[in-house]
Amino acid sequence: MEEGTNSKSLIQDGWFMEKNSQWPGQANALKVKEILMHEKTKFQDLLVFESTDWGKVLVLDGVIQLTEKDEMSYQEMMAHLPMFSHPKPLKVLIIGGGDGGVLREICKHDCVESITMYDLDAGVIEASKKFFPSISCAFNSPKLNLQIDDGAAFAKNAEAESFDVMIIDSSDPVGPAEMLFSKEFYEDCARILKPGGVLCAQGECLWIHGDLIDRMIKENGALFACAEYASIQVPTYPSGQIGAFLARKAGGQGEPSFRKPKREVPDDCDLRYYTSEMHEAAFALPAFIKKRLYGGAPASKEEGYVKSKPEEA
């Protein structure tokens, strides 16, 4: 959102119009049925409205975060791409994700023993509990340790080799979330992951944010044994697409690439979007972004992934 913009002011003639300098020259519009909530939290402008065709919609700082109709594509892929890329994830850290969707999906993995979650904005959590109960349903999980605090600060001070999987479900790299895209933060992430541990972060849109994605893969990814970009279809996000940045710490056994799940997907996992086939397909990228990200990377039998030098892993 541009500084000083009010999310409610983006509703004109009965349509919410998402206009933002982060995706210049384009806008996304949803028809509004009813405004359910609008308030300033401690950190963000928060709007919830009922749309005519996409269910309830959560907006932060003028940017659509989720709709009930397509939320599962983002939540399931952000959670299950890293979770099924680990042979046995026991301890999981979530930074961000205040709507609770990624948490809901993590709880579908019976092998998980504990989930630590850090989110700065209690207002988002409370709004999700009130208006999106099917998304926020896992906040009462006995495995969850929820902290309303700064996840980047926690990562800086957390004990080394603490987590099997980390998921950074952040908003866009402006304002409070900017730090979560920095190399300094990823150095902390690499330190607190266990050997062979997996990180997954919101990776922005390949049609719009090529410079950012390139930097995440080549600079932040160099801290890990393997780093890759996966594509996710989300119709109500800019250009209908967003990415997941995945990285694996050195020390695990087997092929470090993420391109095939390392565990079977249970039949009773209650999934609406993620499948093992969707997992593999997410790494099939358009030629222009594949060449930009991986054109100069070392070759491997799993073409495309960035493999750091041994001393950097």
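Please find, within region 248-285, the residue that is surrounded by the fewest Cβ atoms within 10 Å (Cβ to Cβ) out of those that are among the hydrophobic types (A, V, I, L, M, F, W, C) and touching an Asp or Glu at 6+ places or on another chain (Cβ under 8 Å). Per the stated criteria, the residue is 271.
Checking each residue in region 22-44 for being in contact with a strand residue (DSSP E or B) (Cβ under 7 Å, 6 or more places away or on another chain) and closer than 24 Å to residue 122 by Cα picks out 34, 35, 36, 37, 38, 39, 44.
If the requirement is being more than 21 Å from residue 23 (Cβ to Cβ), in contact with a strand residue (DSSP E or B) (Cβ under 7 Å, 6 or more places away or on another chain) and surrounded by fewer than 20 Cβ atoms within 10 Å (Cβ to Cβ), which of these qualifies: 221, 196?
Details: 221 fails: surrounded by fewer than 20 Cβ atoms within 10 Å (Cβ to Cβ).
Selected residue: 196, the only one of 221, 196 that is more than 21 Å from residue 23 (Cβ to Cβ), in contact with a strand residue (DSSP E or B) (Cβ under 7 Å, 6 or more places away or on another chain) and surrounded by fewer than 20 Cβ atoms within 10 Å (Cβ to Cβ).
In region 115-127, the condition of being among the aromatic types (Phe, Trp, Tyr) and assigned by TED's automatic domain parsing to the domain that holds residue 32 is met by no residue. Hey, among the residues in region 168-193 that are among the hydrophobic types (A, V, I, L, M, F, W, C) and more than 19 Å from residue 242 (Cβ to Cβ), which one's modelled with the lowest pLDDT? Applying the filter and picking the extreme gives 179. For residue 189, are the conditions met, namely being part of a strand (DSSP E or B), in contact with a strand residue (DSSP E or B) (Cβ under 7 Å, 6 or more places away or on another chain) and in the same structural domain as residue 233 (by TED's automatic domain parsing)? Spelling it out, it is not the case that residue 189 is part of a strand (DSSP E or B), in contact with a strand residue (DSSP E or B) (Cβ under 7 Å, 6 or more places away or on another chain) and in the same structural domain as residue 233 (by TED's automatic domain parsing).
The values are calculated or read from the model by the stated rules, or taken from the named source; none is laboratory data. Keep in mind that this is a model prediction, so the values were computed, not measured. Note that we place each Cβ from the backbone using ideal geometry, even for glycine, and neighbour counts take in every protein chain shown.
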